[in-house]
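Right, one structure below, let's go through it.
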Amino acid sequence: MNKETLKIGKNTYKVHHTPVNHILMDIDGQFNSISNRERLLINPFNGCSHKCLFCFTNNRFNNSTFRLFRENNIITVLKNIAEVLAKQLDEKRLDGLVYLSPSTDPFQLLNSRYNVTETILSELTKRNIPFALSTKGRISGTAIDYLTGNSRSFAEISILTLDDEVRKKLVRGEAISTESQLNLIDTLTKRGIRTIARIDPVYPYINDDKDMLKELIEKLKALNVRTIISSCAKIPVITEAKNMEDLKAFNSNLIERYNTLYNYRDSEFIYADINYRMSIFRFLKSICAEKNMDFRLCLEYDNRGISLDKRL
Ligand code: SF4
């Protein structure tokens, strides 16, 4: 990627190359109907440097900035997003929670350079608005202070495995190690911050070993985590060929096993066999029940669109 500038619509942007390819963009839009909302979802970055296997986000959205990431590996930093949000919050009251970032990681590498996430949290904290953070990265000390200051705010740490070598093959960018994630969870819970662990997703035949999952839940329990959220990896249709090729990093017959297991598709995703999914989820739920922890699924449905949470 040697481009120095690029054009989006009428505007030309300078392409920065460190620490990863990115452009800085000012948004002039509004967040839709901010008042009376239970949740406001905010993505200060369009694109994500964690590079997770089967990342659904960067395949799913079709606006120009997500396409820019997908096709040219350039992340867009919405640098004035906190300012736009603050202005709107001053005009209209938000009754619910702000969620960062549903679609990209708020603590990816670029955040340590621009602190966009902390700037948003500062505006929310000034207005006593609760927020949720979901990350595989390092939550900064400033953000931890903001979390500590609002008892309705919480953090979700996405921890996939206890084996850091496996994690590196699943999260191929600049996320933090498994040990650092456990230390982060320890710090958060010791500060009294509600902390949810996401074993999300479970990749069949990669991080689905039941002994490891049990040990992971036990460690999380020992660190005072009360809730686990999980899902099973879905293959985005739009990048199916590339995703299957990526499985070669694990072992040579994994592609064949996935081809057999992933037996249902809709327009967006290909899903693992329902019996496989139910078996893993029931196992996780049973371990959580033994440890007196809550267990929930994220976006898991059967072929008729019924939530699998209801079938557990
Ligand atoms: S952290 Fe989330 S958004 Fe980032 S690459 Fe991984 S799955 Fe995608």
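Every number here is computed from the coordinates shown, using simple stated rules; none is lab data. Treat the numbers as computed from the prediction; the structure is a model and nothing was measured. Positions of Cβ are generated from backbone atoms using ideal geometry, with glycine treated the same way; all protein chains shown enter the neighbour counts.
Rounded to a whole number of µm²/s, how large is the Stokes-Einstein D of segment 112-175 at 25 °C and 0.890 mPa s, given Rh as the Kirkwood radius over C-alpha pairs? My calculation gives 187 µm²/s for D. Computed over the chain, relative contact order equals 14 percent, with contacts defined as Cα pairs under 8 Å that lie 6+ residues apart.
Provide the net charge surrounding Gly141, with neighbours chosen by a C-beta distance below 11 Å and charges set as Lys +1, Arg +1, Asp -1, Glu -1. For residues surrounding Gly141, the net value is 0.
With contacts defined as alpha carbon pairs under 8 Å and 6 or more residues apart, what's the relative contact order of segment 82-207 in percent? Don't skip to the answer; put the middle values down first.
Numbers: 163 pairs, mean separation 30.6, N = 126.
Relative contact order, segment 82-207: 24 percent.
What is the diffusion coefficient of segment 16-171 in µm²/s, taking the Kirkwood radius over Cα pairs and the Stokes-Einstein relation at 37 °C with a viscosity of 0.692 mPa s?
Details: Rh = 16.2 Å.
It diffuses with D of about 203 µm²/s by this estimate.
Note on the chain: helix-only mean residue ellipticity at 222 nm, from DSSP H runs of 4+ residues weighted -39500 (n - 2.57) and normalised by residue number, equals -10500 deg cm²/dmol.
Counting only Cα atoms, the size of segment 213-267 along its three principal axes is 40, 28, 17 Å, in decreasing order.
How big is the convex hull of the Cα atoms of segment 121-265, per residue, in Å³?
Details: hull volume 19.0 nm³, N = 145.
Taking the convex hull of the Cα positions in segment 121-265, it is 131 Å³ per residue.
Subtracting the Cα-Cα distance of Gln88 and Asn150 from 0.36 nm times their residue separation leaves 20.2 nm of extension gain. Given q = 0.08, 0.11, 0.14, 0.15 Å⁻¹, what are the Debye log10 I(q)/I(0) values for the chain, with equal point scatterers placed on the Cα positions and solvent ignored? The Debye formula, applied to the Cα set alone, gives -0.37, -0.72, -1.18, -1.34.
The Rg/Rh ratio for segment 264-312, using Cα coordinates for both the radius of gyration and the Kirkwood hydrodynamic radius, is 1.02.
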